Amino acid sequence: MNPKELSVRIIILIIGMLILSLGVALSILGGLGTTPIACVPYVISLGLTYFTVGEWTIIFHTILVIGQIIILRSNFDYKQIFQIPFVFILGYGIDFWVWLLTPFTPTDYILQWVFCIAGFVILSFGIVFEIKADLILFAPDGFVLAICEITDREFGPTKPYFDVSMVIIGVILSFLLLNHLVGIREGTVVAALCIGYIAKFFKDLMGHKLDNLLEKFASE
């Protein structure tokens with residue numbers, strides 16, 4: 001990989017992280033439940049307010065990277081340690097978008113759905129950039145792949161179990177920290193069911209354009 005191609009891949013990954021952070025922020029402000037992966041740091045941020053939701057996201061994803069190291073040990077690809085600096089972009093991106101969009105937080109149920117659906121669509125769009133950059137794994141995906149490697153399971157069937165476990169942990173933390181359910185609602189179910197399909201749609205729609213861009217720089 002030549003320096004130009006690497007630079008373009010890094011830029012694509014940063015763009016993807018910023019888009020992902022906007023999607024998460026919109027789902028938070030929608031108030032109908034965040035994604036299964038985002039619900040844990042979001043719930044913790046409501047109960048332990050000395051860190052922001054973005055900062056808890058950074059901590060949570062860093063724990064997942066450490067989990068990959070513990071699970072894989074000598075088989076861990078240490079290139080994946082760069083998941084950590086990029087999650088700072090995701091975390092502080094979430095905080096920035098939440099700060100910017102908070103004045104527009106909807107109170108009407110229909111508008112809440114507009115925010116949530118827009119968030120899920122935008123998040124799915126960002127996933128395509130992250131995949132096509134092909135530099136590092138998204139920390140939750142890396143954790144699932146680590147589990148798959150030691151259990152000899154496939155990623156596709158295993159990922160839903162991870163998502164469900166995140167929702168269960170979010171529910172438990174919600175009652176432990178706040179004594180009632182927050183951050184996990186009907187929107188969480190929609191996110192779990194739809195984001196993968198929306199991301200596949202965007203990948204089929206525009207994935208080849210990103211591939212062509214990368215091939216152009218790879219050949220220089």
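The values are calculated or read from the model by the stated rules, or taken from the named source; none is laboratory data. Nothing here was measured: the structure is a model prediction, and the numbers come from that model. Please note: Cβ atoms are built from the backbone with ideal geometry, for glycine as well, and neighbour counts cover all protein chains shown.
What are the pairs, 6+ residues apart or on separate chains, where a residue within region 160-180 that is over 14 Å from residue 60 (Cα atoms) and without any contact (Cβ under 8 Å) to a residue 40 or more places away in the chain has its Cβ under 8 Å from a residue that is among the charged types (D, E, K, R) and assigned to a helix (DSSP H, G or I)?
Every condition considered, no pair remains.
Touching a Pro at 6+ places or on another chain (Cβ under 8 Å) and in contact (Cβ under 8 Å) with a residue 24 or more places away in the chain: does that describe residue 115? Outline the logic, then answer.
On the way: touching a Pro at 6+ places or on another chain (Cβ under 8 Å): yes; in contact (Cβ under 8 Å) with a residue 24 or more places away in the chain: yes.
Spelling it out, residue 115 is indeed touching a Pro at 6+ places or on another chain (Cβ under 8 Å) and in contact (Cβ under 8 Å) with a residue 24 or more places away in the chain.
Within region 145-176, can you find the residues that are part of a loop (DSSP other than H, G, I, E, B) and farther than 15 Å from residue 196 by Cβ?
Let us first name the residues in region 145-176 that are part of a loop (DSSP other than H, G, I, E, B), namely 152-154.
Listed by number, the residues that qualify are 152, 153.
Would you say residue 52 is at pLDDT below 95 and touching a helix residue (DSSP H, G or I) at 6+ places or on another chain (Cβ under 9 Å)? If you could, list the steps in order and put the result at the bottom.
Numbers: at pLDDT below 95: no; touching a helix residue (DSSP H, G or I) at 6+ places or on another chain (Cβ under 9 Å): yes.
No, not satisfied.
If I go through region 107-144 residue by residue, how many of them are under 15 Å from the mean Cα position of the chain (by Cα), assigned to a helix (DSSP H, G or I) and β-branched (Val, Ile, Thr)?
6
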